[in-house]
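The values are calculated or read from the model by the stated rules, or taken from the named source; none is laboratory data. The structure displayed is predicted, hence computed values, not measured ones. Every residue, glycine among them, receives a Cβ derived from its backbone with ideal geometry; neighbour counts consider all protein chains shown.
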Amino acid sequence: MPTPPTFDVSVEIKARLDEMGNKPDLENTEIVKKIEREVDRKMEKEMRELVALLQKKGVDPMGFGEHYRSQNRSAHFEKEKWREMYKQAKFRFHVKTQIIRLSITD
């Protein structure tokens, strides 16, 4: 069996905070950066868990197999081999969150 692929998945999030019950000081750029980093970590964790579940079930609704096939045209792509490779594939998630507008209401 060919070596399982490694996928780098990059996600950029632009977010706006509309309402928050416990209002942090959002004028403080360090606090905003801390919120952005926390969103990054949480999204990366949730994506890892989701992909692990999909791999366990052997389903590829996000089309990683199609991406792999398009990048490896010289290799003969067989669905059965892909199913096994997919279960062993590695994923690295890179999330970058940017809070673009703060609209806090009481």
Just one of E12, E36 is under 13 Å from I100 (Cβ atoms), touching a strand residue (DSSP E or B) at 6+ places or on another chain (Cβ under 7 Å), surrounded by 14 or more Cβ atoms within 10 Å (Cβ to Cβ) and at pLDDT 85 or above; which is it?
-> E36
So how many residues does the range 39-57 have that are in contact with a Phe, Trp or Tyr (Cβ under 7 Å, 6 or more places away or on another chain) and either exposed (fewer than 12 other Cβ atoms within 10 Å of the Cβ) or among the hydrophobic types (A, V, I, L, M, F, W, C) (or both)?
-> 2
State yes or no: is K81 part of a helix (DSSP H, G or I), over 16 Å from F7 (Cβ atoms) and at pLDDT below 90?
-> yes
